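Undergrad: My questions all concern the structure below.
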Amino acid sequence: MKFTLATLALGLSALTSAQYDVESKSFRLVLVSKENKINGQTLTACHVGAAIESLCLSKSTSTSKPEPLAASTFRFNTSANSSPPSGSDGAPGILTYKLNATPPIPSSVQFSYDPTTNYALPLLFPGTSENTQTFSFDKNNLLNVQGYVNYKTSPPKAGETKAYYRWYACQTYYSGYEYPNLVWVLGEGEPETPDCAKVNVKRVYI
């Protein structure tokens, strides 16, 4: 069976809206960091595969991105039936982006894991799936991942939901592409890749 690009886009759009039916206004994602060369940079969707993009730093350059790029436009989709968990900031939702195609293809962020390193790479894939990562924005418009299990006890204990901000900017390698990308550290440590910078990710409406 042969599918057209238009059919694929319509199907992915329906899939996204079925789970997260409230779309926010457009915004940029801006990095906040103590590193002067990182602070204030925006994020851009950078090609790493067929209809797949990473979240790279707009102004920083690399082998795969020798020139600065314009900031990308993102949206945050939530459910009409969801609300912030008790004791935490921000309702859960998914970070979305419309890939420049005819028609545009709606995409959402998933974490890509490599078991040989200690961070996950946020990637934009078409549509949504069970692997789509849920995020939140707090009262200061900072992007976070929420969890309700305390893994510092044995056995781990479920309890109050907490927001985590484990974002770094690192030089990464994925499928032959080398970019200065946003990454998510697994656990409390720093990325094992040298010269990463701690960042927060702020939503700034357009």
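Undergrad: Among Glu188, Glu192, which is acidic (Asp, Glu), in contact (Cβ under 8 Å) with a residue 40 or more places away in the chain, farther than 29 Å from Ser26 by Cβ and open to solvent by 10 Å² or more (accessible area, probe 1.4 Å)?
TA: Just one listed residue meets the conditions, Glu192.
Undergrad: I would also like to ask the following. Which numbered condition in (1) surrounded by 15 or more Cβ atoms within 10 Å (Cβ to Cβ); (2) at pLDDT below 95 is the only one that Ser129 fails?
TA: Only one criterion in (1) surrounded by 15 or more Cβ atoms within 10 Å (Cβ to Cβ); (2) at pLDDT below 95 is unmet by Ser129, namely (1).
Undergrad: Right, something else. Would you be able to tell me the number of residues in the range 35-50 that are closer than 17 Å to Leu143 by Cα and open to solvent by 70 Å² or more (accessible area, probe 1.4 Å)?
TA: Counting residues in the range 35-50 that are closer than 17 Å to Leu143 by Cα and open to solvent by 70 Å² or more (accessible area, probe 1.4 Å) gives 1.
Undergrad: May I ask you to list the residues in the range 195-205 that are without any contact (Cβ under 8 Å) to a residue 60 or more places away in the chain and open to solvent by less than 50 Å² (accessible area, probe 1.4 Å)?
TA: Residue satisfying the conditions is Cys196 alone.
Undergrad: State whether one or more residues within the range 91-106 are open to solvent by 20 Å² or more (accessible area, probe 1.4 Å), touching a Ser or Thr at 6+ places or on another chain (Cβ under 7 Å) and not in a strand (DSSP E or B).
TA: Within the range 91-106, one or more residues are open to solvent by 20 Å² or more (accessible area, probe 1.4 Å), touching a Ser or Thr at 6+ places or on another chain (Cβ under 7 Å) and not in a strand (DSSP E or B).
Undergrad: Another one. Quick test for you: out of Ser64, Ser60, Ser82, pick the one residue that is in a loop (DSSP other than H, G, I, E, B), of a type outside the set (Lys, Arg), open to solvent by 30 Å² or more (accessible area, probe 1.4 Å) and touching a residue at least 60 places away in the same chain (Cβ under 8 Å).
TA: So the residue among Ser64, Ser60, Ser82 that is in a loop (DSSP other than H, G, I, E, B), of a type outside the set (Lys, Arg), open to solvent by 30 Å² or more (accessible area, probe 1.4 Å) and touching a residue at least 60 places away in the same chain (Cβ under 8 Å) is Ser64.
Undergrad: Could you list, ordered by first residue, the pairs with Cβ atoms under 8 Å in which the first is in the range 113-135 and closer than 17 Å to Arg75 by Cα and the second is modelled with pLDDT of 95 or more and not in a strand (DSSP E or B), at least 6 apart or interchain?
TA: Going by the 8 Å Cβ cut-off, the qualifying pairs are Pro122/Gln133.
Undergrad: Moving on. For the range 149-158, indicate whether the set of residues that are in contact with a Pro (Cβ under 7 Å, 6 or more places away or on another chain) and not hydroxyl-bearing (Ser, Thr, Tyr) is non-empty.
TA: yes
Undergrad: Among Tyr165, Tyr148, Tyr179, which is the only one that is open to solvent by 20 Å² or more (accessible area, probe 1.4 Å), among the aromatic types (Phe, Trp, Tyr) and under 24 Å from Thr73 (Cα atoms)?
TA: Criteria check complete, one pass: Tyr165.
Undergrad: Output the number of the condition that Ser13 fails; it satisfies all remaining conditions of (1) at pLDDT 80 or above; (2) surrounded by fewer than 18 Cβ atoms within 10 Å (Cβ to Cβ).
TA: (1)
Undergrad: Kindly list, by first and then second residue, each pair from a residue in the range 158-183 that is farther than 13 Å from Leu57 by Cβ and at pLDDT 95 or above to a residue that is hydrophobic (A, V, I, L, M, F, W, C) and open to solvent by 60 Å² or more (accessible area, probe 1.4 Å), limited to pairs with Cβ atoms under 9 Å and residues at least 6 apart or on different chains.
TA: Sorted first by the residue in the range 158-183, then by its partner, the pairs are Arg166/Leu186.
Undergrad: Now a separate question. Quick check on Tyr97: is it among the aromatic types (Phe, Trp, Tyr) and farther than 17 Å from Leu29 by Cβ?
TA: For Tyr97, the condition - among the aromatic types (Phe, Trp, Tyr) and farther than 17 Å from Leu29 by Cβ - is not met.
The values are calculated or read from the model by the stated rules, or taken from the named source; none is laboratory data. Here the structure is a predicted model, which is why all the values come from computation and not from measurement. Positions of Cβ are generated from backbone atoms using ideal geometry, with glycine treated the same way; all protein chains shown enter the neighbour counts. With ligands, DNA and RNA removed, areas are computed over all heavy atoms of the protein, side chains included. Shrake-Rupley method; radii C 1.70, N 1.55, O 1.52, S 1.80 Å.
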